[in-house]
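The values are calculated or read from the model by the stated rules, or taken from the named source; none is laboratory data. In this text the structure is predicted, and so the values were computed from the model without any measurement. Quick reminder, even Gly has a Cβ in these numbers, built from the backbone with ideal geometry, and neighbours come from all protein chains shown.
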Amino acid sequence: MSDETDLEFDTEDFEYLHYSVEDGAAIITIDRPDALNALNNELLYELSLALELAETDLNVNALILTGAGRAFVAGADIANLQKLSDAFSGREAALAGQDVMNTVAALPFPTIAAINGFALGGGLELALACDLRVASSKAKLGLPEVSLGLIPGYGGTQRLSKLIGTGRALDLIYTGRHVPADEALQLGIVNRVSEDALATAKELAAQILKNAPVALGLAKEAVMRGSDMSLPQGLEVEADLFGMVTTTEDMKEGTAAFLEKRAAEFKGK
C-alpha cells in the first residue's frame, strides 16, 4: 500500500476479500467461497473501500478483480434480496449495488475482470463494470434474475445491452441461461478465454502497463465519454484529450524514445 493514501484501515481487516499490489496492478480477490462469493451488504462495503484504496494509491495504475474458489461472483446474496419488502427498499438496494459498479467503471485506469468461475447475476454485472474481461475456459456467465422473479439491478440491463446489443442481451436476460466461456467470447461479453484467467489477466495488465499511464487514463476517458455521444461530439472530446496528452512529460519521453530507438521510461506525468 502506498504511503500516499490517507485511508485509515488495514487491508488485513477485510473479511470477505484480499487486496494486494503487484507490479503496478491492484489485485482484489473476493473471498467468500462458502457462498460462491455472493455479494452481501458487508462484501459490497468492503469492495467499495478496496476500490477507494486502489484509486488513491499512486503506485496503482491498473486493477484486476477475481474470485476465490469455484466462482468469480455467483450473484447477489439471495437471503438479503428476499428481505426486500417494498419498492423503496428494492430501489435503494439496486442503487447501492449500482454505486459500487459505477465506482469500478469510473476508475481512472484500466480494469480487468479475471473470471475464474461462475459470474452470474451481480457477478456478471461486476465483470461488466470492468474495462476488459478474461474468462476461464470453465467459467459460466449469465443474468438469471428472472428465474427468481427479479430483473438485473446492478447495471446488467444497461451495460450488457450496450456491450453486445439489445437483441443478444434480451436473449440472455429472458432465458436466464448460463453461457459457457467460448460462447461468451463469440458474443463479445469477454475479451479472452484462458485455462488460467488470473494468470492471463496479470499478463494482460503487464502488457498494458508498459505504456504511458496518463495516456491510458485519457484513452479510457475518451472511449467512455464518447460512448454516450454522437460521433461529432465524441470527436470533440477526443481532440480535447489529445491536446491534453501532448503536454505531458510522458508524451515527450515516448516520442523521444521512439526516435532514439530505445525503450521509453514513463513516469506518469
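Scanning region 11-47 for residues that are in contact with a Leu (Cβ under 9 Å, 6 or more places away or on another chain), under 29 Å from residue 213 (Cβ atoms) and among the hydrophobic types (A, V, I, L, M, F, W, C) yields 14, 17, 25, 26, 27, 28, 30, 47. Scoring residue 184 on the criteria (1) closer than 17 Å to residue 25 by Cβ; (2) in a helix (DSSP H, G or I) leaves a single failure, condition (1).
The single condition among (1) farther than 24 Å from residue 105 by Cβ; (2) surrounded by 13 or more Cβ atoms within 10 Å (Cβ to Cβ); (3) free of Cβ contacts under 8 Å to residues at least 12 places away in the same chain; (4) not acidic (Asp, Glu) that residue 263 does not meet is (2). Sub-7 Å Cβ pairs linking a first residue in region 179-190 that is of a type in the set (Asp, Glu) to a second residue that is surrounded by 16 or more Cβ atoms within 10 Å (Cβ to Cβ) and in a strand (DSSP E or B), at least 6 apart or interchain, are 182/193, ordered by first then second residue.
For residue 53, indicate whether it is under 23 Å from residue 132 (Cβ atoms), in the same structural domain as residue 136 (by TED's automatic domain parsing) and surrounded by 16 or more Cβ atoms within 10 Å (Cβ to Cβ). Yes; evaluated as a whole, the condition is true for this residue. Residues in region 187-225 that are part of a helix (DSSP H, G or I), touching a helix residue (DSSP H, G or I) at 6+ places or on another chain (Cβ under 6 Å) and of a type in the set (Val, Ile, Thr): 214 only.
The C-beta contact set for region 143-154 (first residue of a type in the set (Val, Ile, Thr), second residue loosely packed, with under 13 Cβ neighbours inside 10 Å and assigned to a helix (DSSP H, G or I), distance under 7 angstrom, 6+ apart or interchain) comprises 146/174.
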